[in-house]
Amino acid sequence: MLARGKSVAAVMQLLTVVVLARALSPTYFGHIVLIQTYVLVVRELFDFKLFEAIVRFGIPMVEVNDETAFKRLLRLTLRVDFLTAITATVAAIVALPLTAKILGWDDTLISITLLYSSVLLTSGSGTAKGVLRLYDRFDVLGLQLMVAPVLRVIGVLLVMWWKPDIWLFAVALTLATTAGNVYLIVRGWAEMRRQMGSFALKEFSLVGWHKGAPGLWKFMTVVYWQANVDMLPKHVSTLLAGIYLGPEGAGFLRLAREITKILSKPGEMLQQVLFPDLVRMWHHRSAAFGSMLRRALLISAAFGLFFTALSISGGAFLLTNTLSMDYALAAPLLSWLMLAATIELLAGALRAAGYAMGHAGKILWLHLASSVLYIVLFVVLTPYTGLIGPGLAACIAALVPLGGMTLLTLKKIRRKHSVPS
């Protein structure tokens, strides 16, 4: 179900980028990319990935029928969702003048950014996503993944047919993204009511939020920083490309990244699906833990290497015939990013296993080291190698978490099998 949703979402998002790239000049396309990236960076800074906490601490509560503790957990995450959505919106507005000065945006681009920042008001969907994952409503999650991307591609196609204009494209993207967020929140609330009935949030207070869930604060803190560490190579590097290579370079980088979502989207899906099952298996000391992880790694490696080879042999042909000769410059970057995505695909499966084993803190440090290395390599290589620099930096940096999590996982599995149950 998630595979279908992720696949359709990836295709629709790629079509959206293609339409925008064909309808706008490389410069204006790059500006749209930078505006979207700016809002995504702000969103990530205020995203605590609450669905991870709901899965990690909610499953044991549900399995022992501790409804009181589970409702307390949901009351906490719902409040955090609300507060972070409001705070993110305000932060995006406050930080906009400085960002505009750094990236050289004029008044028109500033106004478009303010419009698109409104999607942050509906970004508090962590609780809804967590509840749907916990109760195995992957049918809903799979459908939700398609809502915003399908609406985006419909919107940009209508704008392209009627009157190609950067303002109208921004309106279409804003409405589609907001609709996707609202759909997820509504379906999550509906599932909560179906499973537990109506329950009040009571007073707006966080007093006693940690009761019944020891380690919740530490887990939420680690996952939050993990999410921000993940953000650096994906979003901040696009902003850096805008600084070092101009809006055209940022556009090329975004275009190549959208194509590599053929790998990264299934990787996210694999991690989300594996995590609940691996938590249960590790909790029950099941021997199937290792075999499931090995199968996931083998499938990931085969899938990733196939698309990497395809991008090397046909990347330039794809970009030239789909868009124009101007975009053929992104072909070498695409191949490097495909290789990096393959490495990250393997690391995603290992991260799910590491979280289940309780290695969230160590995994955070591995990704932090990787992100710092990536930014350093990006800044050092890009001025000399141009567009290839981000790809080289991504490949080298991706090896750090892969190697580290492999050692952690093997060590823990061997230790577990050496100790009698």
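The values are calculated or read from the model by the stated rules, or taken from the named source; none is laboratory data. Owing to the predicted nature of the structure, the values given are computational and were not obtained by experimental measurement. FYI the Cβ positions are ideal-geometry reconstructions off the backbone, even for glycines, and counts take in every protein chain you see.
Return yes or no: is Ala347 under 30 Å from Gly251 (Cα atoms) and buried (at least 21 other Cβ atoms within 10 Å of the Cβ)?
In short, yes.
Looking at this structure, is Ser324 closer than 26 Å to Thr385 by Cα, of a type in the set (S, T, N, Q), in the same structural domain as Met292 (by TED's automatic domain parsing) and at pLDDT 80 or above?
For Ser324, the condition - closer than 26 Å to Thr385 by Cα, of a type in the set (S, T, N, Q), in the same structural domain as Met292 (by TED's automatic domain parsing) and at pLDDT 80 or above - is not met.
Determine whether the range 323-346 contains at least one residue that is assigned to a helix (DSSP H, G or I), closer than 29 Å to Phe57 by Cα, among the charged types (D, E, K, R) and more than 18 Å from the chain's Cα centre (by Cα).
No, the conditions are met nowhere in the range 323-346.
Kindly indicate the residue of the range 195-242 that is hydrophobic (A, V, I, L, M, F, W, C), touching a Leu at 6+ places or on another chain (Cβ under 7 Å) and part of a helix (DSSP H, G or I) and also modelled with the lowest pLDDT among those meeting that condition.
The selected residue is Val229.
Could you run through the range 121-151 and say how many residues are under 27 Å from Pro97 (Cα atoms) and assigned to a helix (DSSP H, G or I)?
Pass one, the range 121-151, residues under 27 Å from Pro97 (Cα atoms): 121-124.
Still in the running and assigned to a helix (DSSP H, G or I): 121-122.
The number of residues fulfilling the criteria is 2.
Being of a type outside the set (D, E, K, R) and under 20 Å from Ile299 (Cα atoms) is true for just one of Leu373, Leu387, Leu410, Leu366. Which residue is that?
Testing whether each residue is of a type outside the set (D, E, K, R) and under 20 Å from Ile299 (Cα atoms) leaves just Leu410.
Working carefully through the options Gly386, Gly358, Gly391, find the one that is in the same structural domain as Leu245 (by TED's automatic domain parsing) and farther than 26 Å from Ser25 by Cα.
After applying the criteria, what remains is Gly358.
Checking the condition within 21 Å of Phe306 (Cα to Cα) and at pLDDT below 85, which residue from Leu334, Leu319 passes? Walk me through it before giving the result.
Values: Leu334 fails: at pLDDT below 85.
From the options Leu334, Leu319, the qualifying one is Leu319.
Conditions tested, residue by residue: (1) surrounded by fewer than 18 Cβ atoms within 10 Å (Cβ to Cβ); (2) not hydrophobic (A, V, I, L, M, F, W, C).
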{"site": "Leu278", "(1), (2)": "no, no"}
{"site": "Trp282", "(1), (2)": "no, no"}
{"site": "Phe289", "(1), (2)": "no, no"}
{"site": "Leu293", "(1), (2)": "no, no"}
{"site": "Phe306", "(1), (2)": "yes, no"}
{"site": "Ser313", "(1), (2)": "yes, yes"}
{"site": "Asn321", "(1), (2)": "yes, yes"}
{"site": "Met338", "(1), (2)": "no, no"}
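Determine the pairs where a residue that is over 19 Å from Gly246 (Cβ atoms), located within the range 34-49, has a partner that is of a type in the set (Phe, Trp, Tyr) with Cβ atoms under 6 Å apart, the partner being 6 or more residues away or on another chain.
Val39/Tyr116; Phe48/Tyr224
Sort through Met192, Met160 and tell me the only one that's modelled with pLDDT under 95, within 29 Å of Thr99 (Cβ to Cβ) and either touching an Asp or Glu at 6+ places or on another chain (Cβ under 8 Å) or of a type outside the set (Asp, Glu) (or both).
Testing whether each residue is modelled with pLDDT under 95, within 29 Å of Thr99 (Cβ to Cβ) and either touching an Asp or Glu at 6+ places or on another chain (Cβ under 8 Å) or of a type outside the set (Asp, Glu) (or both) leaves just Met160.
Out of Leu50, Leu40, I need the residue that is assigned by TED's automatic domain parsing to the domain that holds Gly124, in contact with a Ser or Thr (Cβ under 8 Å, 6 or more places away or on another chain), of a type in the set (A, V, I, L, M) and within 23 Å of Val236 (Cβ to Cβ). Which one?
Leu50
Which residues, counting only those in the range 20-73, are β-branched (Val, Ile, Thr) and more than 26 Å from the chain's Cα centre (by Cα)?
Narrowing the range 20-73 to residues β-branched (Val, Ile, Thr): 27, 32-33, 35, 37, 39, 41-42, 54-55, 59, 62, 64, 68.
Listed by number, the residues that qualify are Val62, Val64, Thr68.
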